[in-house]
Protein chains: 2
Amino acid sequence: MGLRERKKQKTRIALIDAALDLFLTHGYDITTVDQIAAAVDVSPRTFFRYFASKEEVVLSPCHDGQEIFESELAARPADESPYQAVTGAMRTALATMRDGDPATVDRFVKVGRLMEETPSLIAAQMCLIAQGERRLAEEVARRRGTGVDDLHTQFVVSLLTTINRVLMEHGPDDLSLLLERMERILAVAERCLRPGWDR
Amino acid sequence: MGLRERKKQKTRIALIDAALDLFLTHGYDITTVDQIAAAVDVSPRTFFRYFASKEEVVLSPCHDGQEIFESELAARPADESPYQAVTGAMRTALATMRDGDPATVDRFVKVGRLMEETPSLIAAQMCLIAQGERRLAEEVARRRGTGVDDLHTQFVVSLLTTINRVLMEHGPDDLSLLLERMERILAVAERCLRPGWDR
DNA sequence: TAACTTATGTCACCTCATGACAGATGACAA
DNA sequence: TTGTCATCTGTCATGAGGTGACATAAGTTA
């Protein structure tokens, strides 16, 4: 990786960190793009070359997390049921993140705290979830051998997304706690669902 | 109701209709608030006195629909399970709307078509759903006799919201068709769920 | 009609976001 | 090292969304 690419990564990370800190100390709505850019010593125009919007800089850690999950999911054996594959991928994705770069985890936690106190960001997060849901639909449809329009498949997809949403409801202060919380949610779900509901 | 109040209702409806028509013919993003205001012969500043944002004018029919549903839900007998109460309220709400003012239905259909072709609106809709979900949580917690933080209750709530979301996935071209579609989704859900899952 | 209340228009202003262009900087070959 | 090229960045201009302040117009009530 060349110097140019490394510099780009650095300013990208710097923008994210500066933005998260400013948002958390002064509030999301009140903080301006100009302030973020000034904190990183970059022109405001440059900010928008890295992030399409003010929201995107907050959501970028979530986006990265989604990609990790999705690559884990794709690596799952083909004979697993959708539920098995998704829950397995979630477990390994969270564990990988927990044992990885602490700075990444830190950013994740900050985003979580920010979400709780900023309603306007919830919409953006929901949008991200909806996009992820569409990609998940294709994976589930493949595993169930139906089209993405199949009503049962749509139900399975929505339910899997639901589990993930309930999980993320309360921000992840600690990833180990989050993993534990996830197991409890899965236990509830399995109590409610008939065996083979996702086949 | 006095003349002043009637006038307000009229401009409100006029703004919604003008906005929906402009959005559908030219596209949501390209249409400006100034154009909407000009179409109703009102100052742009006035538009923002009726709607807090450009999104809100689109979502207002959905918001009204939510309120109808929620009042139906509140009127349900207390001994019904959350699932029974919610599905019952949905049935009556949709039927009431179908047999009510055709203009209201028309607006609803237009919003649905607009959603399909405008990704940026999906986020806003999601936010509305999230808010409705929080209110639903209190109702479900009441019926289940738990707090809103109870994990099982959260699961039930999310699942009920999920059913609603799958239902609304494809815009309501026709309310009778929508009712029919709903019954099919409920059949799928009931096949997947153990009896008494929502108790 | 007079006094009051409330909705509207006008004006000024801020933030978000984008296109265009020029200059700075890294990449790469000779 | 140097020259060339690609690309990143800053500056400037522009437009749309959104809000506060204040005066004016219109409906309400006595």
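The values are calculated or read from the model by the stated rules, or taken from the named source; none is laboratory data. What you see is a predicted model, and the numbers here were worked out from it, not measured in a lab. Because the Cβ atoms are built from the backbone with ideal geometry, glycine has one as well, and the counts that use them run over all protein chains shown. Accessible surface is based on the protein model in full, side chains and every heavy atom, while ligands, DNA and RNA are left aside. Shrake-Rupley method; radii C 1.70, N 1.55, O 1.52, S 1.80 Å.
Chain B residue nearest by beta-carbon to the axis mapping B to A, with distance in Å: B:M126, 2.
In the full protein context, region B:137-198 carries 42 Å² of accessible surface per residue, based on a 1.4 Å probe and ignoring ligands, DNA and RNA.
Each other copy holds its own label point for A:L151; taking that point as 7 Å from Cα along Cα to Cβ, the gaps run 3.2 nm, nearest first.
Between B:E180 and B:A130, 0.36 nm times their residue separation minus their Cα-Cα distance comes to what?
My answer for the length gained is 15.5 nm.
Taken about its Cα centre, chain B carries a charge dipole of roughly 420 debye when the Cβ of each Lys and Arg holds +1 and the Cβ of each Asp and Glu holds -1. When only Cα pairs below 8 angstrom with a gap of at least 6 residues are kept, chain B shows a relative contact order of 20 percent. For chain B, modelled as a GNM whose springs connect Cα atoms under 10 angstrom apart, the maximal fluctuation among B:R49, B:R135, B:R144 occurs at B:R49. Counting only lysines at least 8 places from B:K8 when in the same chain, those with an alpha carbon closer than 23 Å to its own are B:K54, B:K110. In nanometers and ordered shortest first, the copy-to-copy spacing of the A:R184 label point, defined 7 Å from Cα toward Cβ, is 3.9.
The label-point distance for A:R113 and B:E56, in a model that sets each label 7 Å from Cα toward Cβ, rounds to 3.1 nm.
In this structure the amide hydrogen of A:L193, modeled in the peptide plane, comes within under 5 Å of the amide hydrogens of B:R194, none closer than 5 places in sequence on its chain. Solvent exposure of region A:13-73 amounts to 49 Å² per residue of accessible area, where only protein heavy atoms count and the probe is 1.4 Å.
Computed extension gain for A:S81 through A:R199, at 0.36 nm per residue and net of the alpha carbon distance, reaches 41.9 nm.
Nearest 0.05, what FRET efficiency do B:R91 and A:K8 give at R0 = 35 Å with Cβ-Cβ as r? My answer for the efficiency is 0.05. Between copies, B:I30 shows label-point distances of 4.0 nm, shortest first, with the point placed 7 angstrom from Cα along Cα to C-beta. Placing a pseudo-label 7 Å from each Cα along the Cα-to-Cβ vector at A:R49 and B:H170 gives an inter-label distance of 4.5 nm.
Report the A-B buried area as the accessible area lost on both sides summed, probe 1.4 Å, in Å² to the nearest 100.
Values: alone 11310 and 11310 Å², together 19710 Å².
Chains A and B together bury approximately 2900 Å².
Please get the size of the charge dipole for region A:1-51, origin at its Cα centre, with Cβ charges of +1 on Lys and Arg and -1 on Asp and Glu, quoted in debye to the nearest 20.
My answer is approximately 460 debye.
Go through B:G27, B:A93, B:T118 and say which Cα lies farthest out towards the positive end of the charge dipole of region B:1-138; charges sit on Cβ, +1 for Lys and Arg, -1 for Asp and Glu. The residue sitting farthest along the positive end of the dipole is B:G27. Please average, across the residues of A:155-167, the number of beta carbons from any other chain that are within 10 Å of each residue's own beta carbon, and give a whole number. That works out to 5 on average.
Just so you know, the Cα atoms of region A:1-51 work out to an Rg and Dmax of 11.3, 37 Å.
Are there GluC sites (Glu not before Pro) in region B:35-135 that DSSP puts in a loop and that have at most 16 other Cβ atoms within 10 Å, and which ones? Answer by residue number: B:E80.
Largest GNM mean-square fluctuation among A:M90, A:M168, A:M115, using chain A with Cα springs under 10 Å: A:M168.
Dividing the Cα radius of gyration of the protein assembly as shown by its Kirkwood radius returns 0.98 for Rg/Rh.
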